[in-house]
Every structure is written in structure tokens, then in C-alpha cells.
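Undergrad: First the structure, then my questions, so here it is.
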Amino acid sequence: MRIEHTSSPATEHQIRLAWVDHEHWSGGRIAPSKVIETVIEHLISHGMEAQLPPKFDAAKARRWVPGIDQELKRAM
């Protein structure tokens, strides 16, 4: 996934989404790519933009932003 930044060059990230997280966050109703987009949007809104590693599992969002599970379920 390519992330465009306002004050720095764009960055590329490979994000893994396990089926269990896809089901947990979206109930399987939303395409995995949209789930990833929503996870990234929420991480950025919590100030994680500069800290996102080039490769990571979407489940790490839980460690980085406590309470993100509830936010993501509401957003989807």
C-alpha cells in the first residue's frame, strides 16, 4: 500500500491481514483491501504515520493504539 504524506515523500507498506482479524473487524462484510485502508486511516489519525514500518501485520494496530478494535468495528 502506498501512503501519500503531506510533508514528506510517499512510502510503501506491505500489510498482512489475517482472516480472523478481517472477520473480527468487519464481520466479513467488507473487502480485505477496504479493511486495510480503514486500519491505515485510523493509525494515521492516531499519529502513527511516521512510525509505520515497511512490513507489518494489521493486528499490531492493537498494540500501537489501544481501543482501535472498537473504532474499527464502528467505522465498518
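Undergrad: Quick one: 3J(HN,Hα) in Hz for the stretch 23-31, Karplus 6.51/-1.76/1.60 with θ = phi - 60°, rounded, Gly and Pro as x.
TA: Those phi angles translate into 5, 4, 7, 10, x, x, 7, 10, 4 Hz.
Undergrad: Here's another thing I want to ask about it. State, as an integer percentage, the relative contact order of the chain based on alpha-carbon contacts under 8 Å between residues 6 or more apart.
TA: On the way: 73 pairs, mean separation 27.9, N = 76.
After rounding, I find 37 percent.
Undergrad: With angles folded into 0 to 90 degrees, how steeply does helix 32-45 sit against the dominant principal axis of the chain? Use alpha carbons for both and round to 10.
TA: Orientation of helix 32-45: about 60 degrees from the principal axis.
Undergrad: Please report, in debye to the nearest 20, how large the charge dipole of the chain is about its Cα centre when each Lys and Arg carries +1 at its beta carbon and each Asp and Glu carries -1 there. Walk me through the numbers before you get to the answer.
TA: Values: 10 positive and 10 negative charges, 35 e Å.
Roughly 160 debye, rounded to the nearest 20.
Undergrad: Run lengths n ≥ 4 of DSSP H only: what is the helix-derived mean residue ellipticity at 222 nm for the chain, with -39500 (n - 2.57) per run over all residues, to the nearest 500?
TA: Values: 4 runs with 34 residues, N = 76.
About -12500 deg cm²/dmol.
Undergrad: Turning to a different aspect of this structure: Give the separation of the Cα centroids, the stretch 1-26 to the stretch 34-76, in Å.
TA: Result: 8 Å between the Cα centres.
Undergrad: Only one of the values (i) 17, 26, 21, 20, 15, 1; (ii) 21, 52, 20, 6, 0; (iii) 18, 57, 23, 2 was calculated from this structure for P(r) over Cα pairs in 10 Å bins from 0, in percent; name its label.
TA: Among (i) 17, 26, 21, 20, 15, 1; (ii) 21, 52, 20, 6, 0; (iii) 18, 57, 23, 2, the one calculated here is (iii).
Undergrad: Please list 3J(HN,Hα) in residue order for the stretch 61-76, calculated via the Karplus relation 6.51 cos²θ - 1.76 cosθ + 1.60 where θ = phi - 60°; whole Hz, with x for glycine and proline.
TA: Per-residue couplings from phi come out as 4, 5, 6, 6, 9, x, x, 5, 4, 5, 4, 5, 4, 5, 6, 9 Hz.
Any read-out appearing in this document is the output of simple, stated calculations on the displayed coordinates, not a laboratory observation. In this text the structure is predicted, and so the values were computed from the model without any measurement. Virtual Cβ from ideal backbone geometry, glycine too; neighbours counted across all protein chains shown.
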